[in-house]
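Q: I have a structure here, written as structure tokens, and I will follow up with some questions on it.
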Amino acid sequence: MAKLYEKYESLFQELELASSEKQFTYSRKPCIGAMMFFALQHKDEMCGTNGLPLTPNSISILGRSQILKTLKHNGIAQHIDLVRGKHEKLIIVFEYWNYTLNNIIESGGVSIAQIKHLAHQILSALAYLNKRGIVHRCLSPDNILYNKHTRQIKLYNYGIYYITDSGSEVNFPIGTPKYMSPETLVQGLNKEYISGPKVDVWSLGIILAELALDRVLWKELNLSQTFRKILSLIRGDADNVFERLAREQDNLETYKTLPEDLKDFINQCLRTNLDTRPLPQLLLDHPFLSNSQDNNCPASSPVGKRLLLNSRSLDEIYYLWQLAGGDVWREMKKEGLNRFKPPFLTTLKIVTREGQWVGETKDDNIRYDTRVVSLSIDSLIDRLAHLPPSAYFPLFESEYPVKRYLDKDKEKDSLTPLPLIIRERDTEYQFQRIVRFSRLLEAYPYSKVMSQIIKEAKVDIPPYLRHKVWSCLLHVKGNIEDTYARINKEKWTPTDRQIDVDIPRCHQYNELLSSKTGHTKLKRVLKAWVASHPQFVYWQGLDSLCAPFVFLNFNDEATAYACFSTFVPKYLHNFFLRDNSAVVREYLSKFSHLIAFHDAELANHLSEINFIPELFAIPWFLTMFSHVLPLHKIFHLWDKLLLGDASFPLFIGVSILQQLRETLLSSGFNECILLFSDLPEVDIEQCVTDSINIYCVTPRSITFRTHESEHTLLEGAHLQQHNQSLGEFCSSLSSADLLDLMNTRLRKPKALVIDIRDNDEYVEESIRGSINIPLSSIPDMESTDLSWMESSPELNILFNNKGSVIVVVGGDDSMRQAKVARFIIRLGFPKVCYVHEHVNTFASYGVLGPGVPS
């Protein structure tokens, strides 16, 4: 093991020495591109069949574009993001190289072997897209990236036809005119016509014809002339279009020298009859492409300094680039693309009596612009330059070889005490957290790693990986895709009507969830849950509860369903039974007990004005606050909630009341109703901190419920032996918790025990350290007048222990203990509870002894 440590130590020393060099050239930097277009605007005040305003096309496009993030293929550029702006502006962010196939065509001299290799790569990428239901429609040399060193191609701009619903949500035609198929031109701007995969085969045929003939077709023709040339190909020999193109270009000699299998391949691509034109997948089996994978093995990239940032994914780099100050809108504006004319400058000058418009000027910016803006990541590279190589490759099994290097960078430790919102916006901190979590998540569900994930999650969870971390914290594993696929999510059920009503009102400020795709996904996950849990019914609020999981796992419905299905039984066990009244009553009763335990003054005030939790807290707990808080606050709240047990939401509720405490104490019933009709601003970070603090000082039996899950009941069987009346104002304490509070072996007792039995019983045998305030000595339980105890030493002890846990014990009638506990709370004492059991039941624990006579 020592040799292994030395090996790692030597490796990190070499990496650090290399990183300190100032003069170098990177072998390759990640390159990200962006392009902008406009969605079609709806006419003002247009509404759908449900009477609600139509969803903007830009939001529909945004929702549909998310599937592009799931596409992984060597032959397509990675789709990174789609950003929505004002005036229906959209920016597509994607992997980009500055060299395209158009540069190859213009330079000429492409060999047959290279054509074969290019054709195979393009067809493989097209076949992959077709399997995912996507048609490129924009295929042209400008939309095919080319790596001069590896001879690899990547298709880009392949998703615009799909995400715009076959072009119906934009006001421009999709495609490059010269490479459009004849049937596409014949249909013109017909929005009802939907192109199939074969239109891309025609485009490929034109591209290969240009490569094979070493000519750019119709270079000198204008747009209308080009259209006529393409449409003229329909007439004549439909099986030999390639030869006709060669004749038109006066390049028949070159055509005759080409291999027959290449000619046949291009002619099949250029068949004017759509029915006989083959699909990309079928063309991969053409004789021309035989052994194409063995030809032209990629050349190695030029040697240079290795950029450590290349070890991270492009979408992660883009996320960090944004944290480092990157802004796609600013980059577009630098290139003159993010400019918009004020409406005043585009108004009509003259409208004739016949209705003719004169003087209208259109904003050129709303037209489709194919220009790509390259986003430089140099600022991110400079921002992370000071990090040691060990930050990119953390080790967890042993800290010895990396400890000295990690200790050099104190930023993580110095940032941890800062507010969460600052940590989430700090580039270096988020980078280290992402790298650290990524390594741990790769090893999940290995049991030793799970404890490390929980440990890291207690610090914070990076937003970039929140969806994966939540899945781990909920112990989601196994073949969840198959489980989800087996559920019938299409069958109509009576709950569909309510779901259809709820979803259009669920977190509609969020662009993804308000999109048509978001509505569909949320409905499918909800229907899957209802179908797979026949013992439960759909309650209003389930949509809000499910929304965070759907948003975080927008492209993975199976994981969203698995998380939701695990979350509900853990924190809302039996809440969605057809008759859930007993479950809800007990939960709210425990909430009332918890309020009284930690804030007697507030509990007394709410009781006086009869403002009970049933009036405000049901939406809190039924949706785990997701109905009353926006998503960005829910994420931070649930980051900690998922680390707690089923009782932790109760403490969150108490902490929210603590933030509103001063307002509540000065308000009457009507004012409180108005206050909670629209929950005021809540500091979530403070709420989480207070919840954890309250949780840590609260005995477990205070929140013990009989309607918890069987697993929780088994774990807490020793905490409660009696069913407490739901109407009691204060909570009961288990004997196990009392013994823990009275443990004097290692510390001072945390509780003051008040024995309410008669003095003779108390003197005979009582809990050591307890005081005696007989029930018979209290003249009026409803009064706060303590004149009857002015000279009592017990009263002095009681007030000296205000703030400590006060436990009332007595005989067999637990109602007597409950009344005295309520009386003490009425006096303003917090942390008051009582024990059901008779004092004599503690005899076997060695805590009893003779009491002091009064």
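Each row is one residue, and each column tells you yes or no for (1) modelled with pLDDT of 90 or more; (2) assigned by TED's automatic domain parsing to the domain that holds Leu123; (3) in contact with an Asp or Glu (Cβ under 6 Å, 6 or more places away or on another chain); (4) among the β-branched types (Val, Ile, Thr).
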position	(1), (2), (3), (4)
Gln187	no, yes, no, no
Val199	yes, yes, no, yes
Leu204	yes, yes, no, no
Ile207	yes, yes, no, yes
Lys219	no, yes, no, no
Asn222	yes, yes, no, no
Gly236	no, yes, no, no
Arg244	yes, yes, no, no
Pro259	yes, yes, no, no
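Residues checked against (1) in a helix (DSSP H, G or I); (2) crowded, with 18+ Cβ neighbours inside 10 Å; (3) outside the structural domain of Leu622 (by TED's automatic domain parsing):
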{"site": "Arg497", "(1), (2), (3)": "yes, no, yes"}
{"site": "Ile503", "(1), (2), (3)": "yes, yes, yes"}
{"site": "Thr520", "(1), (2), (3)": "yes, no, yes"}
{"site": "Trp529", "(1), (2), (3)": "yes, yes, yes"}
{"site": "Tyr538", "(1), (2), (3)": "no, yes, yes"}
{"site": "Pro548", "(1), (2), (3)": "yes, yes, yes"}
{"site": "Phe554", "(1), (2), (3)": "no, yes, yes"}
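Q: Let me confirm something: among Lys131, Lys154, which residue is at negative phi, buried (at least 22 other Cβ atoms within 10 Å of the Cβ) and among the basic types (Lys, Arg)?
A: Lys154
Q: Quick check: anything in the stretch 586-605 small (Gly, Ala, Ser) and outside any helix (DSSP H, G or I)?
A: no
Q: Now, a different point. Could you please let me know if Ser607 is of a type in the set (Ser, Thr, Tyr) and either surrounded by fewer than 17 Cβ atoms within 10 Å (Cβ to Cβ) or within 19 Å of Tyr695 (Cβ to Cβ) (or both)?
A: The answer is no for Ser607.
Q: Let me ask something else. Kindly indicate the residue of the stretch 284-314 that is surrounded by fewer than 17 Cβ atoms within 10 Å (Cβ to Cβ) and in a helix (DSSP H, G or I) and also modelled with the lowest pLDDT among those meeting that condition.
A: Asp294
Q: Are any of the residues in the stretch 112-128 in the same structural domain as Lys263 (by TED's automatic domain parsing), without any contact (Cβ under 8 Å) to a residue 40 or more places away in the chain and not aliphatic (A, V, I, L, M)?
A: no
Q: Considering only the stretch 445-486, state which residues are buried (at least 17 other Cβ atoms within 10 Å of the Cβ), among the hydrophobic types (A, V, I, L, M, F, W, C) and either within 27 Å of Asp426 (Cβ to Cβ) or free of Cβ contacts under 8 Å to residues at least 60 places away in the same chain (or both).
A: Scanning the stretch 445-486 gives Val449, Ile453, Ala457, Ile461, Leu465, Val469, Trp470, Cys472, Leu473.
Q: Please find, among Asn98, Asn103, the residue that is in a loop (DSSP other than H, G, I, E, B) and in contact with a strand residue (DSSP E or B) (Cβ under 9 Å, 6 or more places away or on another chain).
A: Of the residues listed, the single one that is in a loop (DSSP other than H, G, I, E, B) and in contact with a strand residue (DSSP E or B) (Cβ under 9 Å, 6 or more places away or on another chain) is Asn98.
Q: Then there's this: Inspect all residues belonging to the stretch 194-206 and state whether any of them is within 49 Å of the chain's Cα centre (by Cα), among the hydrophobic types (A, V, I, L, M, F, W, C) and outside any helix (DSSP H, G or I).
A: yes
Q: Here are the criteria: (1) surrounded by fewer than 20 Cβ atoms within 10 Å (Cβ to Cβ); (2) among the basic types (Lys, Arg); (3) not in a loop (DSSP other than H, G, I, E, B). Tell me which single one Lys178 does not satisfy.
A: (1)
Q: On the given criteria, is Leu440 buried (at least 17 other Cβ atoms within 10 Å of the Cβ) and at pLDDT below 95?
A: For Leu440, the condition - buried (at least 17 other Cβ atoms within 10 Å of the Cβ) and at pLDDT below 95 - is met.
The values are calculated or read from the model by the stated rules, or taken from the named source; none is laboratory data. Note that this is a predicted model, so its numbers are computed, not measured. As a convention, Cβ positions derive from the backbone with ideal geometry for all residues, glycine included, and neighbour counts pool all protein chains shown.
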